[in-house]
Amino acid sequence: MNAIPRQKPIFRFAPSPNGPLHLGHALSAILNHDMADEAGGRFLLRIEDIDQARCTPEFEAGIFADLAWLGLSWEKPVRRQSDHFPAYQDALRSLIERGLVYPAFLTRGEVKTRVAAGEIDGNPWPRDPDGTPLYPPDDRLRNDEERKRLLGAGLKHAWRLDMEKAILAIGRPLHWQESGDGERGDIPANPAAWGDVVLSRSDAPSSYHLSVVVDDAAQGVTHVVRGLDLFHATSVHRLLQALLGLPQPLYHHHRLIVGEDGKKLSKSERDTGIAECRRQGWSPAELRRRIGL
């Protein structure tokens, strides 16, 4: 009997071309590349350019130049999210048809006002793991007739996951396998901590949460290696994977590169950019040494 060939591990680095890559991106890209090499696997590059207003061809070209200078190579063609909007819409439509998402009409200003009013008595408004106030229940509690009326009037809206219904639809605890720089082992997922997360907006066909699980499944990604700032978001991704019948990758959340203020690096901080380091005369080996590799 012929043995079934073992699938090669697949890793990916997925930056957004909305600014220059910095040292934190370098750490993530190098880890993905080197871990794929050590495992005899594949290394993919994905361009996460859903935000068409901020993503530019110039920043995308900069990503390719920076990664090539680092000595990294990746498979081609490169997957761009902007080429796959219909796939995200299909996933969203399947959740709409199951009644697991709802149209959300409150503006940012209305949400801010609603949260402030809720905290007048001194009780803090519930917040997600990133510290953002959870979305008010107003839209979730609307009846179908009112939703149809608002949609028919052409009111701008987002589509939000009804977290309570989604968790009930799964009906079982969710976990993920973690091998990163924080907690390790079998990690229980807690998607409820995020409230009714956005899956699509009027100005974007998909949110990060929805597109990332669709993309990882489409590309056969087996190992997700990314920063610890996305550790808790994995709970939402595990829920969406279960709802959409998508495979579960292994996860490795690595340490973050922080600035002098102790905060994670930002694309607006040009002095930590890979291109700027190159202009200052750093070599790829020097960059690796400075980020602890």
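The values are calculated or read from the model by the stated rules, or taken from the named source; none is laboratory data. Given the structure is predicted, the values throughout are model-derived calculations rather than measurements. As a convention, Cβ positions derive from the backbone with ideal geometry for all residues, glycine included, and neighbour counts pool all protein chains shown.
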Every residue in the stretch 198-239 that is among the polar types (S, T, N, Q) and either in contact with a Leu (Cβ under 8 Å, 6 or more places away or on another chain) or surrounded by fewer than 18 Cβ atoms within 10 Å (Cβ to Cβ) (or both), please. SER200, SER202, SER206, SER207, GLN219, THR222, SER235
Going by what's in this entry, would ARG93 be described as loosely packed, with under 15 Cβ neighbours inside 10 Å, within 25 Å of LEU210 (Cα to Cα) and at pLDDT below 95? no
Sort out which residues of the stretch 35-58 are of a type in the set (Gly, Ala, Ser) and either touching an Asp or Glu at 6+ places or on another chain (Cβ under 6 Å) or under 29 Å from LEU250 (Cβ atoms) (or both), and write them in order of number. ALA36, ALA39, GLY40, GLY41
VAL111 fails exactly one of the following numbered conditions: (1) modelled with pLDDT under 95; (2) under 23 Å from ALA193 (Cα atoms). What is the number of that condition? (1)
Write out, first by first residue and then by second, each pair whose Cβ atoms fall under 6 Å of each other, whose residues are 6+ apart or on separate chains, and whose first residue, in the stretch 105-123, is within 15 Å of LEU155 (Cβ to Cβ) while the second is at pLDDT 95 or above and surrounded by 13 or more Cβ atoms within 10 Å (Cβ to Cβ). PHE105/ASP139; PHE105/LEU150; PHE105/HIS157
Selection within the stretch 108-128 - loosely packed, with under 11 Cβ neighbours inside 10 Å and either among the charged types (D, E, K, R) or in a loop (DSSP other than H, G, I, E, B) (or both): ARG108, ILE120, ASP121, GLY122, ASN123, PRO124
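Here is a yes/no grid of residues against (1) surrounded by 15 or more Cβ atoms within 10 Å (Cβ to Cβ); (2) under 24 Å from THR272 (Cα atoms):
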{"residue": "GLY40", "(1), (2)": "no, no"}
{"residue": "ARG54", "(1), (2)": "no, yes"}
{"residue": "GLY62", "(1), (2)": "yes, yes"}
{"residue": "ARG98", "(1), (2)": "no, no"}
{"residue": "ALA104", "(1), (2)": "yes, no"}
Residue list for the stretch 31-62, filter: touching a helix residue (DSSP H, G or I) at 6+ places or on another chain (Cβ under 9 Å), assigned to a helix (DSSP H, G or I) and over 20 Å from GLN219 (Cα atoms): GLY62
Is it the case that the stretch 245-252 has a residue that's of a type in the set (Ser, Thr, Tyr) and surrounded by 15 or more Cβ atoms within 10 Å (Cβ to Cβ)? yes
